1. Can you give me the ranges of the strands (runs of 3 or more DSSP E) entirely in the stretch 31-133 with at least 3 residues that are modelled with pLDDT of 85 or more and of a type in the set (A, V, I, L, M, F, W, C)?
2. Within the stretch 146-188, restricting attention to residues that are in contact with a Ser or Thr (Cβ under 8 Å, 6 or more places away or on another chain) and of a type in the set (D, E, K, R), which residue is modelled with the lowest pLDDT?
3. Which of the residues spanning the stretch 35-63 are exposed (fewer than 14 other Cβ atoms within 10 Å of the Cβ) and either among the hydrophobic types (A, V, I, L, M, F, W, C) or within 15 Å of L171 (Cα to Cα) (or both)?
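The values are calculated or read from the model by the stated rules, or taken from the named source; none is laboratory data. Everything quoted here is computed from the prediction, not taken from an experiment. Here the Cβ positions follow ideal geometry from the backbone for every residue, glycine too, while neighbour counts run over all protein chains shown.
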Amino acid sequence: MQALYHSIGKCYRPNSGRSSARNVSTKASGSTYGTLFRVTTFGESHGGGVGCVVDGVPPRLPISTEEIQLELDRRRPGQSIITTPRKEEDTCEVLSGVGDGVTLGSPIAILVRNKDQRSQDYGQMSVAYRPSHADATYDFKYGIRAVAGGGRSSARETIGRVAAGAIAKKLLKVVAGTEVSVRGEANWKGAQ
């Protein structure tokens, strides 16, 4: 089974008008992290949405959508001159794993729908990589890229990590009595 993750046997690519089979070998990007507290992120910048599934959270942990939303609001785009001008509300939907304000012990699925994607704005990116973005690295490593918005190499992919972090923050406070505070700041020094 492990070989399945490291190698894709036959890959059919209709490049020249006819399908040709060739062997493709690549390392999977890995969207799941953790052992006891497992986080799987999903979605792309210009797809239907992004989010996460968090597994390993014990039942009866009090958590609200508002607590998760508070952390997501801190990372929302369009709040400064050095971030994307994309206007997204980043409103989270808890799809499963929480009922009546407490965790159920089952995986928690959180979705944030994409609403302000403008794929047409990325036409030039099909022939050139964006400076200071992960498009080129992703393409070189995995042999594929999502021209519109960068796909999984977009900063929107961090939404799932932030939502999972909000749950981890609450778990540490309730179970271990540990208060986590995160402070970050981005400054741009240049012509205004």
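1. Values: elements: 38-43, 49-55, 92-96, 108-113.
Strands (runs of 3 or more DSSP E) meeting the threshold: 49-55, 92-96, 108-113.
2. That would be R152.
3. Going residue by residue through the stretch 35-63, those that are exposed (fewer than 14 other Cβ atoms within 10 Å of the Cβ) are 35-36, 48, 58-60, 62.
Matches in the stretch 35-63: L36, P58, P59, R60, P62.
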